[in-house]
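Here the structure is laid out as structure tokens; the discussion comes afterwards.
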Amino acid sequence: MSRLVVQHWIACLKARVIPPVGTRNFYDLLGVGHFHTFAGDVEFPAVIPELNMLARFVDGTGVGRFEIEVFWLDAPEGERSVNYYPPYQVTFRPNEPLRDYVFRLWNVPVVGAGRYSVRLFRTGRRVRKVIANEYFFVEQLP
């Protein structure tokens, strides 16, 4: 997997496969956006119940292991990790130059207003390496 590239890393509230399900799926990405609002009476910490991350991998081979970590970029003390999603395993089929994969993140913590980053890490025998980064913004309404 030395040439593995992530072409797309897109956050949405829901991703679903357009039938029929197979090896070359099309997806509907619902609620694509980078702005999340919470009502004024919601106290932090709060959660985004479900956040789906679509990755389009290019030139993957074998089995890849990935981790996801969410960071609050505007924490008072500076960037802070707010949640870690343990290793996911993605199998790349022979002669498959492109592979779409949806990572489902449940109950994503939101500890305050501001900017967040969702980072995809490739893991293995070497040090884990960031291969994709997506951002969203959280605002609390008055």
Any residue at all in region 37-46 that's in contact (Cβ under 8 Å) with a residue 12 or more places away in the chain, surrounded by 15 or more Cβ atoms within 10 Å (Cβ to Cβ) and within 16 Å of the chain's Cα centre (by Cα)? no
Which numbered condition trips up Val6, out of (1) under 13 Å from the mean Cα position of the chain (by Cα); (2) within 15 Å of Val108 (Cα to Cα); (3) not small (Gly, Ala, Ser)? (2)
Condition test on Val82, is it farther than 21 Å from Ala132 by Cα, at pLDDT 95 or above and surrounded by 15 or more Cβ atoms within 10 Å (Cβ to Cβ)? no
Single residue of Phe92, Phe26, Phe71 found to be surrounded by 12 or more Cβ atoms within 10 Å (Cβ to Cβ), on the phi < 0 side of the Ramachandran plot, modelled with pLDDT under 95 and of a type in the set (Phe, Trp, Tyr): Phe92
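Arg104 - would you say it is of a type in the set (Lys, Arg) and surrounded by fewer than 18 Cβ atoms within 10 Å (Cβ to Cβ)?
Answer is yes for this residue.
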Starting from region 125-142, take each residue that is in a loop (DSSP other than H, G, I, E, B) and list its partners that are surrounded by 10 or more Cβ atoms within 10 Å (Cβ to Cβ), counting only C-beta distances under 9 angstrom and pairs at least six apart or across chains. Arg128/Glu67; Arg128/Phe121; Arg128/Arg122; Leu141/Thr37; Leu141/Phe38; Leu141/Val42
Arg119: surrounded by 15 or more Cβ atoms within 10 Å (Cβ to Cβ) and basic (Lys, Arg), yes or no? yes
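The values are calculated or read from the model by the stated rules, or taken from the named source; none is laboratory data. What you see is a predicted model, and the numbers here were worked out from it, not measured in a lab. Note that each Cβ is placed from the backbone with ideal geometry, even for glycine, and that neighbours are counted across all protein chains shown.
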